[in-house]
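The values are calculated or read from the model by the stated rules, or taken from the named source; none is laboratory data. As the structure is a prediction and not an experimental result, all values here were calculated from the model. Ideal geometry is used to build each Cβ from the backbone, glycine not excepted, and the neighbour counts take in all protein chains shown. Accessible surface areas use protein heavy atoms only, side chains included; no ligands, DNA or RNA. Shrake-Rupley method; radii C 1.70, N 1.55, O 1.52, S 1.80 Å.
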Amino acid sequence: MNALDSLYQQVILDHARARHGDGPLEHADAEHFERNPTCGDEITVRVRLEPGTDRIAAVAWQGDGCSISMASASVLTDMAPGRTVPEFLRLTESFREMMRSRGAGEPDEDVLEDLVAFHGVSKFVMRVKCGMLAWVAAEAAVREATA
């Protein structure tokens with residue numbers, strides 16, 4: 001394992017241990033539940049928008065699963081607040097493209113920030129859904145909140 005892979009693995013482990021955003025969210029505008037039947041990961045993501053805007057004010061989640069899914073949810077709650085819904089949806093799509101890459105290419109760290117730590121996960125097809133689970137739930141909740 002090279003030094004960069006080791007650093008990325010450490011980011012995932014740190015987020016899995018110290019889960020940011022794990023808990024309830026009062027006055028959420030929407031929530032969405034997702035489950036990965038392959039490994040049993042489950043998550044409910046709640047989203048609150050800034051009143052009268054399409055800007056994400058807060059994201060929180062509750063769930064249980066592997067370190068990859070829990071770390072990804074933690075990174076989500078760090079990255080989503082403050083973004084407009086279109087910005088968030090573009091970020092989610094960029095993450096989805098990287099996760100579908102099967103480890104090919106070089107992810108854009110300026111766009112993906114800490115999500116580049118999951119590039120190595122994309123090499124393992126069975127783990128891609130683990131990394132995407134919270135983001136799929138958040139995407140659905142954001143769409144519901146703005147509908």
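Before moving on, here are some points about what is shown:
- Within the stretch 88-143, restricting attention to residues that are assigned to a helix (DSSP H, G or I) and acidic (Asp, Glu), the residue that is nearest to residue 13 (Cα to Cα) is 114.
- Close pairs (6 angstrom Cβ cut-off, 6 or more residues apart or separate chains): within 15 Å of residue 37 (Cα to Cα) in the stretch 119-147, assigned to a loop (DSSP other than H, G, I, E, B) and among the polar types (S, T, N, Q) anywhere: 129/36; 133/36
- Residue 93, sole failed condition from (1) without any contact (Cβ under 8 Å) to a residue 24 or more places away in the chain; (2) open to solvent by less than 60 Å² (accessible area, probe 1.4 Å); (3) under 14 Å from the mean Cα position of the chain (by Cα): (2)
- Scanning the stretch 32-87 for residues that are among the charged types (D, E, K, R), under 15 Å from residue 131 (Cα atoms), in a strand (DSSP E or B) and open to solvent by less than 70 Å² (accessible area, probe 1.4 Å) gives a single hit, 34.
- Residues in the stretch 20-56 that are closer than 20 Å to residue 117 by Cα and either at pLDDT below 95 or more than 13 Å from the chain's Cα centre (by Cα) (or both): 41 only.
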